[in-house]
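The values are calculated or read from the model by the stated rules, or taken from the named source; none is laboratory data. Keep in mind that what you see is a predicted model, and the values were worked out from it rather than measured. In this analysis, Cβ positions are derived from the backbone assuming ideal geometry, glycine residues included, and neighbour counts consider all displayed protein chains.
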Amino acid sequence: MKEPLWIPSADRVRASNIAQFIEYVNRSHRIGIRTYGDLYDWSIRELADFWAAAWDFLGVRASSSYEAVIEDIREFPGARWFPGARLNFAENLLRHRGPQPALIFRGENGASKRISYSELHQLVGRLAAAFRRDGVGAGDRVVGYLPNLIETVVAMLATTSIGATWASCATDVGPEAALDRLGQIRPKVMITADGYSYKGQELQTLRNAAKLASAIKTLERVVLVPYLGEMSGAESVPHAVAWMDYLADTGGGALEFEQLPFDHPVFVMFSSGTTGKPKCLVQGAGGVLLNHLKELVLHTDLKAGDRILYITSCSWMMWNWLMSSLAVGATIVLYEGNPIYPNAGAMWDLIDQERVNVFGCSASYLTHLAKERYSPKEHHALDSLREISQTGSALSIQGFEYVYREIKADLHFNSISGGTDINGCFAAGSPLLPVYAGQVQSPALGMKIKAYDESGRPIRDGQGELVCESPAPSMPLYFWDDADGEKYRLAYFEKFPGVWRHGDFISLDSETGGVTFYGRSDAVLKPSGVRIGTAEIYSQLEHLPEITDCLAVGQDWENDQRVLLFIKLADGAKLDEELQAKIRRRLREHASPRHVPALILSAPDIPYTMNMKKVESAVANILNGRPVTNHDALKNPGSLEYFRRVAQQLRH
């Protein structure tokens, strides 16, 4: 029997939103659901009833009701959700009023600002009026090239209030990479800023904004937000107007919310773009809203008055997810900067100062703290903190144990996993369930996920491909410039027709009901035909203080595949025979002989995407003589030069 790290108290279970949802479902459907497992089984067995119950319980605001929950459920892709319904995404997020804070902004440079729900509503109305004055309307695109500011949130809400479609990336993305994303969708307006702060440096970005705006020929207006207060170079930005000037003379009239179909496009999200131009994923307002509310209210247990902070930027779907917290009546704490600047206590200071209840972060952030041997509980009160949400990549067993040992023994560690593709989760936490080390607590409600072996058979307690056998409301409507849907089908439905293949390597635990993630399935290693998840290697190397980061890839070799391990050394460490033997011994004894690499090499840096996910695929392409076409999709594209040199040496 596996031992849980945490079990929710009876009081906590009773007070949870999901317990109230179970009561609501039992009452309205005259059934006897008792456990999360019962609820999940019902949610995938009676898909339409579940999503209708979620609509009602979560209080979706619509000017016209739906005629059916789902049309053509067997059309996958192609099922239509809630036909007949008309609503507005921003209206649902701005349903609350009053003096309570909606947004609290904190920058690493000391900048601080807060805005109430009433003030937010008024500011969104002014920007929406300016957009309308410029002829922006339903179906147009507005894009953000911005830091994580209050103005970024206002711009998204104003855009969606008038029925235009929003897309964004942060200003730490170079202009070429931003153009590859934002330029594809031919926007009418861009909101940008004069710069951002990172690791104590103020980085001006108007030159980048000018390059981007000059390259996007469809732009008619560029609005400049003064974050750093340094507007030199603004004259080089075409169609530019200052933020306050743009809002002038917009009046104080009521904010009008354009009523649109459930599947009206609300966001364009972008794939990582590590193998070509990023794919543009068009997502519907109602589907994103309903799925976000499900995850925030039922899985995260977010309540009105709570304060929620997530380490994110507007390049990552977790920013979009976080914004929907406004619909719950929570306060969003926005942080702009490096989360470990000026030291590892930065976020924990902020949690104490702003009385944060739910804190979200990546696996890489927690792994860094553990490597630094930083103990938040030793330096901070953390009495307001009741939940940590973690995503981005798989967190090791040791990472889970670190949270409960060094942060707080009594909190809900809510590991979640899904993707930009669905703007949400396939697997998520539940305040009703225990937490087991290394596992996401359960499949998410309404998500009929399985693990398939290579022949497409469902398996349990073994590693396989993450698939979803039924449609879900937040799946993309379509890809941009994909009139016949071919790109969409190839991305998810080619390997298992009629079933969504997500590209993650997982196992489903029969004993706990949890889900373990082993990394991307396109990065799975296959020495001698045995499939190995890269996360299994990474989790073992976390125990070695000589290693700060690592990357494992497969290289085709003598009609087989050999595993190459690249390690980033800690200061003062050397990759000598002793350390090599230590690495091999650790993997052999704690994983298996198959996990032991053929070669171990020291790398100066490990490549990451903008969302801080390791890029095994780009390195594997280089080592196997395949092209890497989009270096700008990486946070540190210069890191690939080392791997090119290694590839040449290995070929000789």
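Set side by side, the residues 268, 222 differ, and just one is among the hydrophobic types (A, V, I, L, M, F, W, C) and either in the same structural domain as residue 148 (by TED's automatic domain parsing) or part of a loop (DSSP other than H, G, I, E, B) (or both), which is 222. Scanning the range 59-82 for residues that are of a type outside the set (D, E, K, R) and under 28 Å from the mean Cα position of the chain (by Cα) yields 59, 60, 62, 69, 70, 73, 76, 77, 78, 79, 81, 82. Taking the criterion of being over 23 Å from the mean Cα position of the chain (by Cα) and crowded, with 22+ Cβ neighbours inside 10 Å, the residues of the range 526-540 that qualify are 532, 537. Looking only at the range 526-562, residues that are among the basic types (Lys, Arg) and free of Cβ contacts under 8 Å to residues at least 12 places away in the same chain come to 0 in all. Listed by position, the strands (runs of 3 or more DSSP E) inside the range 150-213 whose residues that are small (Gly, Ala, Ser) number at least 2 are 165-169, 195-198.
So for the range 429-441 (the condition being surrounded by 23 or more Cβ atoms within 10 Å (Cβ to Cβ) and in a strand (DSSP E or B)), does at least one residue qualify? Yes: the range 429-441 contains one or more residues that are surrounded by 23 or more Cβ atoms within 10 Å (Cβ to Cβ) and in a strand (DSSP E or B). Here residue 49 clears all of (1) assigned to a loop (DSSP other than H, G, I, E, B); (2) more than 24 Å from the chain's Cα centre (by Cα) except the condition numbered (1).
Rundown of residues vs (1) under 26 Å from residue 107 (Cα atoms); (2) modelled with pLDDT of 95 or more; (3) in contact with a His (Cβ under 7 Å, 6 or more places away or on another chain), yes/no style:
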position	(1), (2), (3)
173	yes, no, no
180	no, no, no
205	yes, no, no
220	no, yes, yes
232	yes, no, no
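Screening 515, 467 for residues that are within 20 Å of residue 2 (Cβ to Cβ) and modelled with pLDDT of 95 or more leaves exactly one candidate, 515.
Here is a yes/no grid of residues against (1) touching a strand residue (DSSP E or B) at 6+ places or on another chain (Cβ under 8 Å); (2) touching a residue at least 40 places away in the same chain (Cβ under 8 Å):
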| residue | (1), (2) |
| --- | --- |
| 119 | yes, no |
| 133 | no, yes |
| 149 | yes, yes |
| 160 | yes, yes |
| 165 | yes, yes |
| 175 | no, yes |
| 182 | yes, no |
| 188 | yes, yes |
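The residue of the range 403-424 that is modelled with the lowest pLDDT, among those that are closer than 28 Å to residue 278 by Cβ and in contact with a helix residue (DSSP H, G or I) (Cβ under 6 Å, 6 or more places away or on another chain), is 420. Please indicate, with yes or no, whether at least one residue in the range 369-377 is surrounded by fewer than 17 Cβ atoms within 10 Å (Cβ to Cβ), more than 19 Å from the chain's Cα centre (by Cα), acidic (Asp, Glu) and farther than 20 Å from residue 107 by Cα. Yes, the range 369-377 contains a residue that is surrounded by fewer than 17 Cβ atoms within 10 Å (Cβ to Cβ), more than 19 Å from the chain's Cα centre (by Cα), acidic (Asp, Glu) and farther than 20 Å from residue 107 by Cα. A search for C-beta distances below 7 Å between a residue of the range 225-241 that is more than 17 Å from residue 336 (Cα to Cα) and any residue that is surrounded by fewer than 17 Cβ atoms within 10 Å (Cβ to Cβ) and not aliphatic (A, V, I, L, M), counting only pairs 6+ apart in sequence or on different chains, returns 233/207; 238/214; 239/220. Considering only the range 396-417, I want to know if a residue exists there that is out of contact with any Gly (no Cβ under 7 Å at 6 or more places or on another chain) and over 20 Å from residue 375 (Cα atoms). Among the residues of the range 396-417, at least one is out of contact with any Gly (no Cβ under 7 Å at 6 or more places or on another chain) and over 20 Å from residue 375 (Cα atoms), which makes the answer yes. Within the range 275-308, being touching a Leu at 6+ places or on another chain (Cβ under 7 Å) and either more than 21 Å from residue 54 (Cα to Cα) or surrounded by fewer than 21 Cβ atoms within 10 Å (Cβ to Cβ) (or both) holds for 282, 308. Name the residue that is surrounded by the most Cβ atoms within 10 Å (Cβ to Cβ), counting only residues in the range 595-630 that are modelled with pLDDT under 85 and charged (D, E, K, R). Ranking the qualifying residues of the range 595-630, first place goes to 613. Within the range 54-74, the set of residues being modelled with pLDDT under 95 and farther than 16 Å from residue 262 by Cβ comprises 74 only.
I need a count of the residues in the range 498-527 that are under 24 Å from residue 550 (Cβ atoms) and outside any strand (DSSP E or B). I'd like the intermediate steps shown before the answer.
To start, the set of residues in the range 498-527 that are under 24 Å from residue 550 (Cβ atoms) comprises 503-507, 515-527.
Subsequent filtering for residues that are outside any strand (DSSP E or B) retains 521-524, 526-527.
Number satisfying all stated conditions: 6.
Scanning the range 455-476 for residues that are in contact with a strand residue (DSSP E or B) (Cβ under 8 Å, 6 or more places away or on another chain), assigned to a loop (DSSP other than H, G, I, E, B) and more than 14 Å from residue 500 (Cα to Cα) yields 460, 461, 462, 463.
Here residue 149 fulfils each of the conditions (1) touching a Phe, Trp or Tyr at 6+ places or on another chain (Cβ under 8 Å); (2) modelled with pLDDT under 95; (3) crowded, with 23+ Cβ neighbours inside 10 Å apart from (2).
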